[in-house]
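The values are calculated or read from the model by the stated rules, or taken from the named source; none is laboratory data. In this text, all values refer to a predicted model and were calculated from it rather than measured experimentally. As a convention, Cβ positions derive from the backbone with ideal geometry for all residues, glycine included, and neighbour counts pool all protein chains shown. The accessibility values were calculated without ligands, DNA or RNA, using every heavy atom of the protein model including side chains. Shrake-Rupley method; radii C 1.70, N 1.55, O 1.52, S 1.80 Å.
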Amino acid sequence: MTVPVPRRRPWRRRLRRLCLLALAGAAAAALAVGLAVRLVDFPAEALSHAKTESRRLLDRHGRLLREALSDADGRGVWRPLAEVSPWIPKAFIALEDRRFAAHPGVDWRGVARALRDNLRAGRVVAGGSTLTQQVVKLTLRPPRTLAGKLREALWALRLERAASKEQILEQYINRVPFGHGAVGIEAAARLYLDTPADRLSLA
(Lines give C-alpha, C1' and ligand atoms only; values in the text may rest on other atoms or scores of the structure.)
Protein backbone atom coordinates (compact mmCIF):
# COMPACT_ATOMS: atom_id res chain seq x y z
CA MET A 1 0.00 0.00 0.00
CA THR A 2 1.45 3.36 -1.02
CA VAL A 3 1.04 6.45 1.12
CA PRO A 4 0.35 9.59 -0.93
CA VAL A 5 2.91 12.36 -0.47
CA PRO A 6 1.22 15.65 0.39
CA ARG A 7 1.88 18.32 -2.17
CA ARG A 8 3.08 21.72 -1.18
CA ARG A 9 0.41 24.30 -1.48
CA PRO A 10 0.98 26.77 -4.32
CA TRP A 11 0.51 29.83 -2.06
CA ARG A 12 3.41 28.68 0.12
CA ARG A 13 5.70 28.51 -2.90
CA ARG A 14 4.61 31.95 -3.99
CA LEU A 15 5.13 33.38 -0.49
CA ARG A 16 8.57 31.81 -0.27
CA ARG A 17 9.49 33.21 -3.70
CA LEU A 18 8.26 36.70 -2.70
CA CYS A 19 10.31 36.56 0.52
CA LEU A 20 13.44 35.56 -1.40
CA LEU A 21 12.86 38.35 -3.93
CA ALA A 22 12.34 40.86 -1.11
CA LEU A 23 15.56 39.76 0.61
CA ALA A 24 17.48 39.94 -2.68
CA GLY A 25 16.08 43.41 -3.35
CA ALA A 26 16.99 44.62 0.15
CA ALA A 27 20.53 43.22 -0.21
CA ALA A 28 20.94 44.89 -3.61
CA ALA A 29 19.68 48.21 -2.23
CA ALA A 30 22.05 48.00 0.76
CA LEU A 31 24.96 47.22 -1.57
CA ALA A 32 24.06 50.16 -3.84
CA VAL A 33 23.84 52.56 -0.90
CA GLY A 34 27.14 51.28 0.51
CA LEU A 35 28.88 51.82 -2.82
CA ALA A 36 27.30 55.27 -3.26
CA VAL A 37 28.52 56.30 0.20
CA ARG A 38 32.07 55.03 -0.34
CA LEU A 39 32.59 56.16 -3.92
CA VAL A 40 31.62 59.82 -3.37
CA ASP A 41 33.25 61.96 -0.66
CA PHE A 42 31.51 64.70 1.27
CA PRO A 43 32.73 68.05 -0.15
CA ALA A 44 35.25 69.48 2.32
CA GLU A 45 34.60 73.06 1.19
CA ALA A 46 30.99 72.75 2.38
CA LEU A 47 32.29 72.44 5.96
CA SER A 48 34.34 75.63 5.78
CA HIS A 49 33.19 78.15 8.37
CA ALA A 50 34.24 81.21 6.35
CA LYS A 51 30.70 81.82 5.06
CA THR A 52 29.11 81.67 8.51
CA GLU A 53 31.39 84.20 10.20
CA SER A 54 30.50 87.87 10.02
CA ARG A 55 33.27 90.40 9.50
CA ARG A 56 33.99 92.17 12.77
CA LEU A 57 36.01 95.32 13.34
CA LEU A 58 37.48 95.55 16.85
CA ASP A 59 39.38 98.30 18.61
CA ARG A 60 42.78 97.72 20.20
CA HIS A 61 41.07 96.62 23.44
CA GLY A 62 39.02 93.95 21.65
CA ARG A 63 35.75 95.88 21.78
CA LEU A 64 33.42 95.50 18.78
CA LEU A 65 33.21 98.64 16.66
CA ARG A 66 31.33 97.37 13.61
CA GLU A 67 30.00 94.07 12.30
CA ALA A 68 29.11 93.22 8.69
CA LEU A 69 26.75 90.33 7.94
CA SER A 70 28.26 87.04 6.76
CA ASP A 71 27.68 85.46 3.36
CA ALA A 72 24.76 83.65 5.01
CA ASP A 73 23.23 87.07 5.90
CA GLY A 74 23.71 86.56 9.60
CA ARG A 75 25.93 87.38 12.53
CA GLY A 76 28.15 84.46 13.45
CA VAL A 77 31.33 83.78 15.38
CA TRP A 78 32.76 80.29 14.99
CA ARG A 79 33.62 78.58 18.26
CA PRO A 80 35.40 75.19 18.51
CA LEU A 81 33.55 72.66 20.63
CA ALA A 82 36.22 72.94 23.34
CA GLU A 83 35.54 76.69 23.65
CA VAL A 84 31.82 76.52 24.49
CA SER A 85 30.07 75.48 27.67
CA PRO A 86 29.99 71.66 28.05
CA TRP A 87 26.24 71.97 28.64
CA ILE A 88 25.64 73.10 25.05
CA PRO A 89 26.41 69.84 23.19
CA LYS A 90 24.63 67.84 25.89
CA ALA A 91 21.51 70.00 25.56
CA PHE A 92 21.40 69.75 21.77
CA ILE A 93 21.87 65.97 21.83
CA ALA A 94 19.14 65.58 24.47
CA LEU A 95 16.68 67.75 22.55
CA GLU A 96 17.46 66.94 18.93
CA ASP A 97 19.12 63.53 18.62
CA ARG A 98 19.40 61.27 21.67
CA ARG A 99 20.98 58.44 19.66
CA PHE A 100 23.58 60.73 18.06
CA ALA A 101 26.53 58.68 19.36
CA ALA A 102 25.06 55.38 18.13
CA HIS A 103 23.69 55.93 14.62
CA PRO A 104 25.73 56.16 11.35
CA GLY A 105 24.21 59.49 10.28
CA VAL A 106 20.64 58.27 9.81
CA ASP A 107 18.64 56.96 12.76
CA TRP A 108 16.48 54.27 11.16
CA ARG A 109 14.57 53.78 14.41
CA GLY A 110 13.82 57.50 14.46
CA VAL A 111 12.69 57.38 10.82
CA ALA A 112 10.33 54.48 11.58
CA ARG A 113 8.98 56.28 14.65
CA ALA A 114 8.42 59.51 12.66
CA LEU A 115 6.67 57.54 9.89
CA ARG A 116 4.39 55.89 12.46
CA ASP A 117 3.54 59.23 14.12
CA ASN A 118 2.86 60.92 10.76
CA LEU A 119 0.58 58.07 9.63
CA ARG A 120 -1.33 58.21 12.91
CA ALA A 121 -1.75 61.99 12.72
CA GLY A 122 -2.54 62.02 9.01
CA ARG A 123 -0.04 64.84 8.49
CA VAL A 124 3.65 65.58 9.05
CA VAL A 125 4.21 65.98 12.79
CA ALA A 126 7.73 64.53 13.05
CA GLY A 127 10.75 64.49 10.74
CA GLY A 128 13.18 62.02 12.24
CA SER A 129 16.23 64.03 11.12
CA THR A 130 19.48 63.51 13.01
CA LEU A 131 21.99 66.23 13.87
CA THR A 132 24.11 64.91 10.99
CA GLN A 133 21.21 65.30 8.56
CA GLN A 134 20.60 68.82 9.85
CA VAL A 135 24.24 69.70 9.12
CA VAL A 136 23.65 68.42 5.57
CA LYS A 137 20.58 70.69 5.33
CA LEU A 138 22.58 73.68 6.55
CA THR A 139 25.55 73.08 4.23
CA LEU A 140 24.28 71.44 1.02
CA ARG A 141 20.64 72.60 1.21
CA PRO A 142 18.89 69.67 -0.53
CA PRO A 143 15.35 70.40 -1.79
CA ARG A 144 12.41 69.80 0.57
CA THR A 145 11.02 66.87 -1.39
CA LEU A 146 11.02 63.11 -0.94
CA ALA A 147 13.95 62.85 -3.36
CA GLY A 148 15.70 65.63 -1.44
CA LYS A 149 15.13 63.74 1.82
CA LEU A 150 16.73 60.62 0.32
CA ARG A 151 19.70 62.66 -0.91
CA GLU A 152 19.99 64.21 2.55
CA ALA A 153 20.18 60.75 4.13
CA LEU A 154 22.83 59.65 1.63
CA TRP A 155 24.96 62.75 2.25
CA ALA A 156 24.56 62.24 6.02
CA LEU A 157 26.09 58.77 5.69
CA ARG A 158 28.96 60.30 3.69
CA LEU A 159 29.45 63.07 6.26
CA GLU A 160 29.80 60.50 9.03
CA ARG A 161 32.65 58.92 7.05
CA ALA A 162 34.33 62.28 6.50
CA ALA A 163 34.07 63.76 10.00
CA SER A 164 34.03 62.63 13.62
CA LYS A 165 30.97 63.00 15.84
CA GLU A 166 32.66 65.92 17.63
CA GLN A 167 33.34 67.70 14.32
CA ILE A 168 29.75 67.19 13.19
CA LEU A 169 28.46 68.55 16.49
CA GLU A 170 30.77 71.57 16.17
CA GLN A 171 29.43 72.19 12.66
CA TYR A 172 25.87 72.07 13.96
CA ILE A 173 26.20 74.41 16.94
CA ASN A 174 27.98 76.99 14.77
CA ARG A 175 25.56 76.85 11.83
CA VAL A 176 22.11 76.51 13.36
CA PRO A 177 20.07 79.77 13.05
CA PHE A 178 18.58 81.21 16.24
CA GLY A 179 16.55 84.03 14.75
CA HIS A 180 17.15 87.78 14.46
CA GLY A 181 20.20 87.14 12.29
CA ALA A 182 22.07 85.14 14.95
CA VAL A 183 23.85 82.15 13.41
CA GLY A 184 25.48 79.71 15.81
CA ILE A 185 25.53 79.47 19.59
CA GLU A 186 28.09 82.23 20.20
CA ALA A 187 26.06 84.86 18.34
CA ALA A 188 22.85 83.67 20.03
CA ALA A 189 24.38 83.72 23.52
CA ARG A 190 25.62 87.28 23.02
CA LEU A 191 22.39 88.50 21.40
CA TYR A 192 19.88 87.01 23.85
CA LEU A 193 21.87 86.66 27.08
CA ASP A 194 24.73 89.14 26.60
CA THR A 195 27.27 86.50 27.58
CA PRO A 196 29.80 84.38 25.64
CA ALA A 197 28.96 80.75 24.88
CA ASP A 198 31.67 79.39 27.15
CA ARG A 199 29.90 80.88 30.20
CA LEU A 200 26.44 79.48 29.55
CA SER A 201 25.00 77.43 32.40
CA LEU A 202 22.42 74.67 32.20
CA ALA A 203 19.71 77.17 33.17
- Query: When only Cα pairs under 8 Å and 6 or more residues apart are kept, what is the percent relative contact order across the stretch 134-203?
  - Reply: 20 percent
- With a/c under 1.5 counting as rounded, go ahead and sort the stretch 129-190 into rounded, prolate or oblate using the C-alpha gyration tensor (a ≥ b ≥ c being the square roots of the eigenvalues; past the cut-off, prolate if a/b is larger than b/c, else oblate). oblate
- Query: Within the accessible area of the stretch 73-162, what % is carbon and sulfur when the probe is 1.4 Å and the other protein chains stay in place?
  - Reply: 57 percent
- Is the stretch 72-203 best put as rounded, prolate or oblate by its Cα gyration tensor, with a ≥ b ≥ c the root eigenvalues, rounded for a/c under 1.5, and otherwise prolate when a/b is larger than b/c, oblate when not? prolate
- Message: What FRET efficiency comes out for residue 60 versus residue 190 if R0 is 30 angstrom and r is the Cβ-Cβ distance? Round to the nearest 0.05.
- Response: 0.90
- Accessible area per residue of the stretch 122-171 at 1.4 Å probe, in Å²? 54 Å²
- Query: Counting Lys +1, Arg +1, Asp -1, Glu -1, what net charge surrounds residue 174 among other residues with beta carbon under 13 Å of its beta carbon?
  - Reply: -1
- Task: Convert each backbone phi in the stretch 40-46 into a coupling constant with the Karplus relation 6.51 cos²θ - 1.76 cosθ + 1.60 (shift: θ = phi - 60°), then list the ³J(HN,Hα) values in order as whole Hz, x for Gly and Pro.
- Result: 10, 8, 6, x, 4, 5, 5
- Nearest 0.05, what FRET efficiency do residue 150 and residue 203 give at R0 = 41 Å with Cβ-Cβ as r? 0.55
- Task: Between residue 35 and residue 108, take the C-beta separation as r, use R0 = 22 Å, and let me know the FRET efficiency to the nearest 0.05.
- Result: 0.70
- Looking at the square roots a ≥ b ≥ c of the eigenvalues of the Cα gyration tensor of the stretch 95-157, which shape do they give, rounded for a/c under 1.5, prolate if a/b is larger than b/c, or oblate? oblate
